[in-house]
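> Got a structure for you, questions after.
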Amino acid sequence: MTPDHSKTPTATIRPAIESDAAALADLCGQLGYPTDAATMIARLREAGDDRNRAVIVADIDGHAVGCLELAVQSAFENGTWPEIRGLVVDANCRGTGIGAALVTFAKQWSRERGFKTLRVRTNEVRTRTHAFYEREGFTKTKSQRVYDVGL
């Protein structure tokens, strides 16, 4: 059965705070990156110390139901750009406009810093996510593979 979102309250977009840690850990787990509240608090503190990063939440009745991390990235070969490094909306709130509201915030944050382009990367298997970003005006500009090596 499809949830009835007609009664979903409007979310408030605001900076994440430490009391959001448990909800943010849950959201990251829904995205496929399980973590715990203590780890999330440490990550929030690290992000809070960096003026080139922002962790934003969509709040409904004091509970974070969506989150977004933004960061200014740079590389010697192509300069500096803002990037959405993570965006997730609680499974029970998807399709309500919360993701779009977070992207709108990200676009404004980027414009305020003088950028003309905002980037996001998404896993090739997340086809629903691809469609979301395309609806939000993003254009696919590159495909790539990511490789890790244990150290």
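The values are calculated or read from the model by the stated rules, or taken from the named source; none is laboratory data. Keep in mind it's a predicted model, so treat the numbers as computed, not measured. Heads up, the Cβs are rebuilt from the backbone with ideal geometry, glycines too, and the neighbour counts pull from every protein chain shown. Just so you know, the surface numbers come from the protein's heavy atoms only, side chains and all, with ligands and any DNA or RNA stripped out. Shrake-Rupley method; radii C 1.70, N 1.55, O 1.52, S 1.80 Å.
> When only Cα pairs under 8 Å and 6 or more residues apart are kept, what is the percent relative contact order across segment 55-151?
20
> Compare the peptides 96-102, 17-23 by average per-residue count of other Cβ atoms within 10 angstrom and give them in order, highest first.
96-102, 17-23
> What GluC sites (Glu not before Pro) in segment 39-80 are in a loop by DSSP, with at most 10 other Cβ atoms within 10 Å of the Cβ?
Passing both the DSSP loop test and the Cβ count: GLU77.
> Sticking with this one: Enumerate by residue number the trypsin sites (Lys or Arg not before Pro) in segment 39-116 meeting two conditions: DSSP loop (anything except H, G, I, E, B), and at most 13 other Cβ atoms within 10 Å of the site's Cβ.
Within segment 39-116, the qualifying trypsin sites (Lys or Arg not before Pro) (loop, at most 13 other Cβ atoms within 10 Å) are ARG51, ARG113, LYS116.
> Then there's this: Loop sites only, by DSSP: take the chymotrypsin sites (Phe, Trp or Tyr not before Pro) in the chain that have at most 12 other C-beta atoms within 10 Å and name the longest stretch containing none of them.
1-75
> When the Kirkwood hydrodynamic radius is evaluated over all pairs of different C-alpha atoms of segment 89-151, what value in angstrom, to one decimal, is obtained?
Final number for the Kirkwood radius of segment 89-151 is 13.7 Å.
> Give the accessible surface of the chain per residue, rounded to a whole number of Å², with probe radius 1.4 Å and ligands, DNA and RNA excluded.
Roughly 66 Å² per residue, with all protein chains present.
> What is the projected area of the convex hull of the Cα atoms of segment 1-110, averaged over all directions, in nm²?
Mean shadow area of the hull around the Cα atoms is 7.8 nm².
> I've got another one for you. To the nearest 500 deg cm²/dmol, what mean residue ellipticity at 222 nm is calculated for the chain from DSSP H runs of n ≥ 4 alone, each contributing -39,500 (n - 2.57), summed and divided by the residues?
Helices in the chain give a 222 nm mean residue ellipticity of -9500 deg cm²/dmol.
> A further question on this structure: Roughly how many Å is it from the Cα centre of segment 15-31 to that of segment 123-151, as a whole number?
After rounding, the separation between the Cα centres reads 22 Å.
> To the nearest 20 debye, what is the magnitude of the charge dipole of the chain about its Cα centre, counting +1 on the Cβ of each Lys and Arg and -1 on the Cβ of each Asp and Glu?
680
> In a Gaussian network model over the chain where Cα atoms closer than 10 Å are linked, find which of CYS67, CYS28, CYS93 has the largest mean-square fluctuation.
CYS93
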